[in-house]
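Asks: This is the structure, below, for whatever I ask next.
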Amino acid sequence: MKAIITVLGTDRPGIIAEVSAKLYEHNINILDISQTILQNYFTMVMLVDLTGMKASYKEMTDVLNRTAEAIGVEIRMQRSEIFDAMHRA
């Protein structure tokens, strides 16, 4: 299964490192990533593969929520099929 992870917040060093470390710890593979800074706002979108994930989907969203709170950003994870359905014309 694949998912889309979005990260938004005020830019600061270490955001990518913190998020990717949590994904690595749970055996989640990053398939594609795009990030940019928009006037001091950090934005990142990742396509990830959850096939080898070492936690349930709920547990992983909890991990990402705790990470977001710790580093002062907003992190959302959506299954790719839900994301695709929401954004179809």
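Asks: Would you work out which of Leu8, Ala55, Gly72 lies farthest towards the positive end of the dipole of the stretch 1-88, given +1 charges on the beta-carbon of Lys and Arg and -1 on that of Asp and Glu, about the Cα centre?
Replies: Toward the positive end, the furthest listed residue is Ala55.
Asks: How long is the gain from Asn27 to Lys54 if the chain were fully straight, where each residue apart is worth 0.36 nm and the alpha carbon distance is subtracted?
Replies: 9.1 nm
Asks: Let me cross-check Ile4: its accessible surface, 1.4 Å probe, with only protein heavy atoms counted, in Å² to the nearest 10?
Replies: In the full protein context, Ile4 sits at about 20 Å².
Asks: Specify which labelled value, from [x] 14.2, 43; [y] 15.2, 49; [z] 12.7, 36, agrees with Rg and Dmax of the Cα atoms in Å derived from the coordinates of the model shown.
Replies: [z]
Asks: Give me the percent of the accessible area of the chain that comes from carbon and sulfur atoms, probe 1.4 Å, all protein chains in place.
Replies: That fraction is 52 percent.
Asks: Read phi for every residue in the stretch 57-74 and hand back ³J(HN,Hα) as whole Hz from Karplus 6.51 cos²θ - 1.76 cosθ + 1.60, θ = phi - 60°, with x for Gly and Pro.
Replies: So the Karplus estimates, Gly and Pro as x, are 4, 4, 4, 5, 5, 5, 4, 5, 5, 5, 5, 4, 5, 5, 9, x, 10, 10 Hz.
Asks: Would you kindly find the accessible area of Leu38, with a 1.4 Å probe and non-protein molecules such as ligands, DNA and RNA excluded, rounding to the nearest 10 Å²?
Replies: The accessible area comes out at roughly 100 Å².
Asks: Based on DSSP loop calls and a cut-off of at most 13 other Cβ atoms within 10 Å, the longest stretch of the chain free of exposed trypsin sites (Lys or Arg not before Pro) is what?
Replies: Longest gap between qualifying sites, sites excluded: 1-53.
Asks: Please calculate how many Å² of accessible area the chain carries per residue, with a 1.4 Å probe and no DNA, RNA or ligand atoms counted. Display every interim value, and only then the final one.
Replies: Working: 5570 Å² over 89 residues.
Solvent-accessible surface per residue comes out at 63 Å².
Asks: For every helix of n ≥ 4 consecutive DSSP H residues, a contribution of -39,500 (n - 2.57) applies; sum these over the chain, divide by its total residues, and give [θ] at 222 nm rounded to the nearest 500 deg cm²/dmol. Before the final figure, lay out each step's value.
Replies: Numbers: 3 runs with 33 residues, N = 89.
The helix-only estimate for the chain comes to -11000 deg cm²/dmol at 222 nm.
The values are calculated or read from the model by the stated rules, or taken from the named source; none is laboratory data. Predicted, not measured: the structure shown is a model, and the values here were computed from it. Reconstructed Cβ throughout: ideal geometry from the backbone, glycine too, with neighbour counts over all protein chains shown. Surface areas here come from the heavy atoms of the whole protein model, side chains and all, with no ligands, DNA or RNA. Shrake-Rupley method; radii C 1.70, N 1.55, O 1.52, S 1.80 Å.
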